[in-house]
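Single-structure report; data block below.
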Amino acid sequence: MCCGRLLISRRRVVILVGRAMVTLRETASHIKEVREEEWRVLSIIERNLGRYERFPVERIVRITGYSKEFVDEVIRRLAEYGWVERFLQPYESVRLLTSGADAIALRMLAEKNIVVGVGRQIGVGKESDVYEAIGPDGSRLSLKVFRLGRISFRDIARKRDYFDASAPNRPSWILRNYMAARKEFRVLKYLYRCGVSVPKPIANVKHIIVMEELDGDILINVRDLPDPRGILERIIEEVRKAYDAGVVNGDLSPFNIFITRDYRVIIIDWPQAIYRDKGAHEDALIRDVTYIAQYFSKKYGVSVDVESVLREKFGLELRREGG
Ligand SMILES: Nc1ncnc2c1ncn2[C@@H]1O[C@H](COP(=O)(O)OP(=O)(O)O)[C@@H](O)[C@H]1O
Ligand SMILES: [Mg+2]
């Protein structure tokens, strides 16, 4: 982490490191001790995310009727949790941080009695962190927490403009995460209903999706795969079922295919799914199938004729240039 410091100003590093260090578990551990007034202020800031990146403190005073001193005290406590960041210039304001949104979502999940405990992190993806959680009946759940816009320290110099809150119309990453989670949850519900092998979706609040916890690992990590041809056929079969239901994953790879301990195939990670009526889904399908076929051919020496799979299973003719 320290090498990132060289890239950017000291002040910014402190802010980013501070934010990155608040884990979901830590946030969850504070939920019960937070006072009603603190939740109230936090949710006012959150509700206004679409209009204000930095919400004026003076408006909080007006909306709540609390004294300025009291609001300052509340903001100080929220900042201690790492949930908000306070600014004095150009006007006194407060900005919701990712962990603040986590807190709001976790509290809702607790109040709705969907999640009673948050456990260890079980996955890190391109755009999310996945945690183990416990349901009210003791069932094991997984929480997919969207983290679009999360930047690696290597990327900071290139991407730091995104974090410049003074940039006009800067879209809030938090809101984008809400949208991505909502989209993936809808796709999962639909595909699950259609009988496609996807994790059972349970709930969605804000940027968190709750689903069943799968026992196994993603294909890329599976050491000894018995019957790779059979697995490839099952993957193609699930892709076909989704395609029949009008949905193409669009990001199919050994990172997004989950193999359970008993070697069932479950396709995860659908926020970028492409619907039939939106066009471009055929190209995405060809890409998905070709990519997976190539992976099995390289890694396991199992080859399928992509062209005939596309024709026979999906009714698609591969377009050839000049032909
Ligand atoms: N339902 C689940 N049960 C157990 N682990 C999961 C589940 N969903 C995702 N994971 C783990 O979390 C990782 C990231 O999830 P994924 O949906 O692929 O997100 P991303 O869009 O960030 O790639 C996966 O690679 C997998 O290891
Ligand atoms: Mg993934």
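The values are calculated or read from the model by the stated rules, or taken from the named source; none is laboratory data. Note that the coordinates shown come from a computational prediction; the quantities given were computed from them, not determined experimentally. Neighbour counts run over all protein chains shown; Cβ positions are idealised from the backbone, glycine included. Side chains are part of the model used for accessible areas, which takes the heavy atoms of the whole protein and leaves out ligands, DNA and RNA. Shrake-Rupley method; radii C 1.70, N 1.55, O 1.52, S 1.80 Å.
Worth a mention:
- Residue 73-residue 200 pseudo-label distance in nm [points 7 Å out on the Cα-to-Cβ vector]: 4.7 nm
- Estimated [θ] at 222 nm from DSSP helical runs (n ≥ 4, -39500 (n - 2.57)) normalised by residues in the chain, nearest 500: -13500 deg cm²/dmol
- Using only alpha-carbon positions in the chain, the gyration tensor eigenvalues give semi-axes of 42, 22, 18 Å once each is multiplied by 5 and square-rooted (largest first).
- Backbone N atoms of the range 253-278 closer than 20 Å to the 7 Å Cα→Cβ label point of residue 183 belong to residues 253, 255-257, 267-278.
- Paramagnetic label reach from residue 229 (point 7 Å along Cα→Cβ; backbone nitrogen cut-off under 18 Å): within the range 272-308, residues 293-308.
- Fraction of the pair-distance distribution of the range 217-314 above 21 Å, Cα-Cα pairs, percent: 26 percent
- Taking Cα centre as origin and charging only the Cβ of basic (Lys, Arg, +1) and acidic (Asp, Glu, -1) residues, the dipole magnitude of the chain rounds to 860 debye.
- Rounded to whole Hz, the Karplus (6.51, -1.76, 1.60) HN-Hα couplings of the range 264-270, x for glycine and proline: 7, 9, 10, 9, 10, 6, 10
- Gyration tensor (alpha-carbon) shape descriptor, the range 36-141, a/c threshold 1.5: prolate
- Kyte-Doolittle at least -1.0, axis length at least 15 Å by Cα - qualifying DSSP helices, the chain: 10-21, 36-47, 68-81, 98-111, 173-193, 228-244, 281-300
- Rg/Rh for the range 84-156 (Cα atoms only, Rh after Kirkwood) is 1.09.
- Taking every protein chain into account, the accessible area of the chain amounts to 53 square angstrom per residue (probe 1.4 Å).
- For residue 200, a cut-off of 26 angstrom between C-alpha atoms picks up these lysines, skipping any fewer than 8 places away in its own chain: 112, 126, 144, 183, 189, 241, 278, 313.
- Karplus (6.51, -1.76, 1.60) ³J(HN,Hα), θ = phi - 60°, over the range 26-34, in Hz, Gly and Pro reported as x: 4, 4, 4, 5, 8, 3, 6, 8, 6
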